[in-house]
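First the structure, in the form of C-alpha cells, and then the observations on it.
The values are calculated or read from the model by the stated rules, or taken from the named source; none is laboratory data. Just so we're clear, the structure is a prediction, and the values are computed from it rather than from any experiment. Every residue, glycine among them, receives a Cβ derived from its backbone with ideal geometry; neighbour counts consider all protein chains shown.
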C-alpha cells in the first residue's frame with residue numbers, strides 16, 4: 001500500500017532478459033536494474049471532495065457481528081510531495097453530529113454524553129506530524145487524533161489508487177487506508193456486560209478512509 005505508488009506498467013522484453021523501466025541500452029541479458037519512477041507530478045496541495053469520499057468506522061456488537069457507520073460532514077487538506085514523500089502532510093476535521101449508522105436511535109445515543117458528547121465536543125480532528133516510506137509501495141502517515149478533547153498519536157497506512165483529470169478539468173487523486181484504535185484511549189468507555197460473558201461493544205474500532213481529493217489550481 002502507499003500514499004505514493006511506485007509501481008510501473010510492465011513492458012515486453014526478450015525471453016531470458018530481466019529488465020525494468022529505464023534499463024540502459026546494451027545492458028547484458030539477465031541483468032536487473034532498479035525501477036525509477038518520477039512521482040513529481042503528484043506534488044501539490046489538494047482539498048478533499050466529501051461528495052466522492054467516505055470516512056467510516058466499524059466495531060463489533062455483542063461479540064457476534066459488526067456494526068458500520070460513517071461521518072457525512074468533514075473537510076480536509078493534503079500536501080503531497082512526490083519528490084520527498086516524507087514531507088507530505090494531511091489535516092482533517094470531522095463534524096461529530098454528522099455520524100450515521102443508518103439507525104436514528106443509535107446515532108442519537110452516539111452523539112450524547114455516553115459516547116462523543118457532540119454538543120461539548122463538536123469536532124474530531126487529525127493533524128499529521130510525519131510520514132514515512134515503509135517499503136516500495138507502503139507509506140505511513142503519523143498524526144495526532146483529537147476526540148472529546150483528548151489528543152493521542154495514530155498512524156494510517158495509505159494506498160494511492162491513481163491520479164486523473166476529470167471531465168471538468170479537475171486533477172484528482174484517490175486513495176484509501178485504515179487504522180484500528182482503542183476507543184477507551186479517548187474516553188469512549190461506555191459498555192454493557194453480556195449475560196453469557198463478554199461485552200456489548202468492542203473496544204477496538206476500525207477507521208476507514210476512501211478519499212478523492214482535488215488539486216488546487
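Scanning the range 152-188 for residues that are assigned to a loop (DSSP other than H, G, I, E, B), surrounded by fewer than 17 Cβ atoms within 10 Å (Cβ to Cβ) and in contact with a strand residue (DSSP E or B) (Cβ under 8 Å, 6 or more places away or on another chain) yields 166, 170, 187.
Just a yes or no: is a residue in the range 102-117 within 20 Å of the chain's Cα centre (by Cα) and over 20 Å from residue 206 (Cα atoms)? So far as the range 102-117 goes, no, none of its residues is within 20 Å of the chain's Cα centre (by Cα) and over 20 Å from residue 206 (Cα atoms). Does residue 37 satisfy the condition of being more than 17 Å from the chain's Cα centre (by Cα), at pLDDT 85 or above, surrounded by 13 or more Cβ atoms within 10 Å (Cβ to Cβ) and closer than 16 Å to residue 173 by Cβ? When the stated conditions are applied, residue 37 does not pass them.
Taken over the range 56-84, residues that are assigned to a strand (DSSP E or B), over 21 Å from residue 216 (Cβ atoms) and in contact with a strand residue (DSSP E or B) (Cβ under 6 Å, 6 or more places away or on another chain) amount to 12.
Residue-by-condition table, conditions (1) in contact (Cβ under 8 Å) with a residue 60 or more places away in the chain; (2) within 19 Å of residue 77 (Cα to Cα):
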| residue | (1), (2) |
| --- | --- |
| 142 | no, yes |
| 145 | no, yes |
| 151 | no, no |
| 156 | no, yes |
| 159 | yes, yes |
| 165 | no, yes |
| 172 | yes, yes |
| 177 | yes, yes |
| 181 | no, no |
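Scanning the range 189-199 for residues that are in contact (Cβ under 8 Å) with a residue 24 or more places away in the chain and either exposed (fewer than 12 other Cβ atoms within 10 Å of the Cβ) or in contact with a strand residue (DSSP E or B) (Cβ under 7 Å, 6 or more places away or on another chain) (or both) returns a single hit, 199.
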